[in-house]
Each structure stands twice: as C-alpha cells, then as structure tokens.
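Enquirer: Sharing a structure with you now.
Read-outs throughout are calculated quantities, based only on the coordinates presented, and are distinct from any laboratory measurement. Note that the structure is predicted; figures quoted are calculated from it, not measured. Cβ coordinates were reconstructed from backbone atoms using ideal geometry, including for glycine residues, and neighbour counts include every protein chain displayed.
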Amino acid sequence: MHTPVLLNEAIEYLNVKRDGIYFDCTAGGGGHSEAIASLLSEKGVLVMIDMDKEAVLRVEKRLAKFNCKKFFVHENFAKVKEIAEKLGFAGKVDGILADLGTSMFQLKDFDRGFSFMGEGSLDMRMDREESLTAEKVVNSYGERELADVFYKYGEERLSRKIARMIVEERKHEPITTTKQLADIAFKAYGGRRGKIHPATKIFQAIRIEVNRELENLETFLKSSIEILKKGGRLVVISFHSLEDRIVKNFFRDKAKKCICPESQMRCTCGGNNAVVKVLTKKVVKPSEEEIKNNPASRSARLRVCEKVV
Ligand SMILES: C[S@@+](CC[C@H](N)C(=O)[O-])C[C@H]1O[C@@H](n2cnc3c(N)ncnc32)[C@H](O)[C@@H]1O
C-alpha cells in the first residue's frame with residue numbers, strides 16, 4: 001500500500017469544485033486520486049496519468065466505485081498538454097497535482113530495482129516500455145559520465161571514486177543487481193554508514209537519469225500552466241532539493257510582474273506580466289505526526305501556484 005503524502009494539504013490547495021476538471025499526473029497508488037474523486041459530482045472530471053502501466057491499472061480498479069468522468073492515461077506527464085488537448089480540456093483545467101518520485105509499490109517490488117533494501121535487477125524504469133535501464137547506465141556509461149550523473153543528480157560527494165570503482169568492477173563482471181551496486185557504494189565509504197545508506201545518493205542519481213526526471217518536470221511545469229484556466233491551481237509535491245528548486249524557481253519566474261532584463265534600469269514591459277500567483281509563500285512540509293505515521297513523507301515539500309491570466 002502507498003500512503004498518500006500531504007493528502008489534506010494537497011486537497012485543500014486544489015480547492016476541488018464538484019463539477020471541475022482535475023488532473024492527477026502521478027496517479028501511483030490512487031490515494032490522492034481517490035480523495036479528489038470523492039469530492040466530484042457526475043459532471044466532474046478526473047484525468048489520472050502515470051508512466052507506470054501497473055499504476056494505471058491499479059488506480060483504474062481502485063477508482064471504479066466513483067461516478068465522476070474518469071480518464072486513465074498511461075503516459076509521461078511531460079505530455080500533459082497533448083493529453084489535455086486530445087481530451088478537449090486544454091485551457092479549462094481547474095487543478096493539477098503532481099506527487100513526484102516513486103510509489104511504495106515500485107520501491108517494494110525489488111525486481112524493479114529502485115531499492116537497495118533487497119536484491120533485485122538493476123532496472124529503475126518507471127515506464128517499462130522505455131529502453132534505458134539502470135543496468136545500461138551502470139555498465140555502458142564512461143567513468144566521467146557516471147561521475148557527472150552521481151554529482152549532478154545525487155550531489156554525491158564521492159562521485160568520482162564510486163564511478164572509478166564501478167568501471168573497475170565491471171571489467172570483471174557486469175553489474176546487474178541492486179546489491180552489487182549498493183556494495184560498491186558501501187565499500188567506497190569504507191563500510192561506514194552515516195545517517196543515510198551510502199548507496200542512497202547514487203540510486204537517486206541513476207533513477208533520475210533513467211527516467212529523465214528533471215527534464216520531464218520542467219516540461220510538465222510549463223505545459224501545466226498552459227492548460228490551466230484562470231484561477232486554476234497547480235500543486236506539486238517533491239521529495240528532494242533538486243526537484244524542489246526547479247519548482248520554486250519556476251513559480252517565482254512565472255509570478256514576476258516585470259520581465260525586463262535585470263541589467264535594465266527602468267521597466268519597459270508594463271510590469272503586468274505575472275502568469276501565476278504563488279500561494280505557498282513558505283514551502284509546506286509534513287507535520288511531525290505525519291512523519292511519525294509515515295516516515296517516507298519526511299522529505300516531502302509542497303508548493304502551489306494559481307494562474308492569474
Ligand atoms: C509518489 S507516487 C504517487 C502516489 C500517489 N499520489 C498516491 O497517492 O498513491 C509517484 C508516481 O508518479 C509516477 N511518475 C513519476 N514520474 C512520472 C512522469 N514523468 N510521468 C508520469 N508518471 C510519473 C510514478 O510512476 C509513481 O507511480
């Protein structure tokens with residue numbers, strides 16, 4: 001089971017109207033979708049997207065009992081604009097939710113390779129129809145390329161050392177399991193465990209690379225704003241600083257009234273260019289109680305903006 005994170009906060013910020021049109025772009029286990037659907041009338045619309053086919057099938061079953069108009073879409077949320085256009089909802093959407101990252105279903109299925117808590121194959125694809133796997137990254141990227149991925153997407157302090165050790169190891173035999181990879185990180189840290197497992201950051205980095213997570217997020221944010229109607233809201237829950245930074249900066253830029261170059265002394269753009277208003281001046285974090293009940297929510301950060309044009 002996947003416990004939805006910041007559920008009340010997300011639903012409150014979505015401000016669900018009974019007959020409104022809503023997109024849950026990371027349907028996952030269907031927790032947020034179910035909460036939205038329970039507030040919609042028969043005329044209300046809920047589009048549920050996930051790039052993991054198993055998630056889409058799971059949510060379809062879970063939401064069967066609801067009478068709103070439901071659409072289940074197996075697709076990358078980077079395509080949200082195309083999806084909205086195809087369904088005839090572009091420019092009419094009242095609320096969009098993205099709860100980024102992986103679900104418990106994905107993490108607990110060791111064979112999908114997202115977790116180093118058990119042995120599984122090095123896969124890490126959220127969409128199993130894509131061709132790039134973690135195994136390909138680990139066994140075919142050059143040492144420099146690997147180090148860059150670990151540094152850029154994992155902020156891994158030992159990026160070069162771990163990359164070197166991987167390249168050494170794969171000369172003997174290919175690295176095909178999560179355990180083999182986790183053991184290398186463990187060795188790189190001299191067998192010591194700090195607050196987090198030594199493999200945490202490289203697993204995050206490879207997952208981001210395999211699923212092109214940051215590029216998809218950027219495209220998703222831009223497209224979401226385009227399909228919202230005036231007054232429509234975009235709610236994003238992220239789980240690490242790289243994602244949260246992208247969301248924060250995007251909202252800030254879109255909320256700017258003046259878009260003149262910074263070097264310009266006087267405003268000539270009219271100062272009326274804000275596309276959104278940021279509703280979360282301070283990022284929303286889970287309460288201590290939520291963290292106690294669901295430790296996986298610990299790093300969640302929620303930000304919301306409302307379209308104003
Ligand atoms: C944290 S889970 C969402 C859980 C869900 N909110 C719930 O309450 O059960 C994230 C989900 O987003 C999906 N996902 C991640 N990136 C995606 C993308 N670019 N496009 C579509 N789905 C994506 C994952 O496959 C996963 O199922």
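Enquirer: Given just the C-alpha atoms of the chain, how large is their convex hull per residue in cubic angstrom? Don't jump to the answer; show the numbers that get you there.
Expert: Details: hull volume 45.3 nm³, N = 309.
Expressed per residue, the convex hull around the Cα atoms of the chain is 146 Å³.
Enquirer: Given the Cα-Cα distance of Phe71 and Gln264 and 0.36 nm per residue of separation, how much length would full extension add, in nm?
Expert: Contour length minus Cα-Cα distance gives 64.8 nm.
Enquirer: Restricting to the chain, what percent of DSSP beta bridges are antiparallel, rounded to 5?
Expert: Approximately 35 percent, going by the DSSP bridge assignments.
Enquirer: What ³J(HN,Hα) values, in whole Hz, does the Karplus curve 6.51 cos²θ - 1.76 cosθ + 1.60 give for segment 23-40 when θ = phi - 60°, with x put for Gly and Pro?
Expert: In residue order, the calculated couplings are 10, 9, 8, 9, 4, x, x, x, x, 5, 4, 4, 5, 5, 4, 5, 9, 9 Hz.
Enquirer: Applying the Karplus parametrisation 6.51 cos²θ - 1.76 cosθ + 1.60 with θ = phi - 60° to the phi angles of segment 166-181, what ³J(HN,Hα) value in whole Hz is obtained for each residue in order, glycine and proline being reported as x?
Expert: Listing the rounded values in order: 5, 5, 4, 4, 6, 5, 7, 7, x, 8, 10, 10, 4, 5, 4, 5 Hz.
Enquirer: Distance check, please: which entries in Lys136/Lys222; Lys61/Lys229; Lys86/Lys307; Lys136/Lys161; Lys108/Lys292; Lys17/Lys222 exceed 26 angstrom between their Cα atoms?
Expert: On the way: Lys136/Lys222 30 Å; Lys61/Lys229 30 Å; Lys86/Lys307 22 Å; Lys136/Lys161 20 Å; Lys108/Lys292 20 Å; Lys17/Lys222 24 Å.
Exceeds cut-off: Lys136/Lys222; Lys61/Lys229.
Enquirer: Further, regarding this structure: Taking square-rooted eigenvalues a ≥ b ≥ c of the alpha carbon gyration tensor, is segment 109-211 rounded, prolate or oblate, where a/c under 1.5 means rounded and, failing that, a/b exceeding b/c means prolate?
Expert: Since a/c stays below 1.5, the shape of segment 109-211 is classed as rounded.
Enquirer: Another question, then. Give the Rg (one decimal place) followed by the Dmax (whole number) of segment 6-48, computed from C-alpha coordinates and expressed in Å.
Expert: Final numbers for Rg and Dmax: 9.4, 26 Å.
Enquirer: Helix-derived [θ] at 222 nm for the chain: sum -39500 (n - 2.57) over DSSP H runs of at least 4, divide by residue count, nearest 500?
Expert: Rounded to the nearest 500, it is -12000 deg cm²/dmol.
Enquirer: Each label point is 7 Å from the Cα along the Cα-to-Cβ direction; what then is the distance between the points at Leu279 and Lys256, in nm?
Expert: 2.4 nm
Enquirer: Please identify every one of the GluC sites (Glu not before Pro) in segment 1-95 that sits in a loop by DSSP and has no more than 13 other beta carbons within 10 Å of its own beta carbon.
Expert: Sites meeting the loop and neighbour criteria: Glu42.
Enquirer: Something else about it: Express in nm, to one decimal, how much length is gained between Thr3 and Val309 on full extension, taking 0.36 nm for each residue of separation and deducting their alpha carbon distance. Write out the running numbers ahead of the final one.
Expert: Values: separation 306, 0.36 × 306 = 110.16 nm, distance 3.48 nm.
So the extension gain works out to 106.7 nm.
Enquirer: Still on this structure, I have one more. Going by average Cβ neighbours within 10 Å, how do the peptides 160-170, 191-201, 250-260 rank, with the highest at the top?
Expert: Numbers: 160-170: 18.5, 191-201: 13.4, 250-260: 15.6.
Those peptides, ordered most packed to least, come out 160-170, 250-260, 191-201.
Enquirer: Using θ = phi - 60° and the Karplus relation 6.51 cos²θ - 1.76 cosθ + 1.60, list the HN-Hα couplings for segment 228-244 in order, rounded to whole Hz, with x at every Gly or Pro.
Expert: Rounded to whole hertz, the list is 6, 8, 4, x, x, 10, 10, 10, 10, 10, 10, 10, 8, 5, 5, 5, 4.
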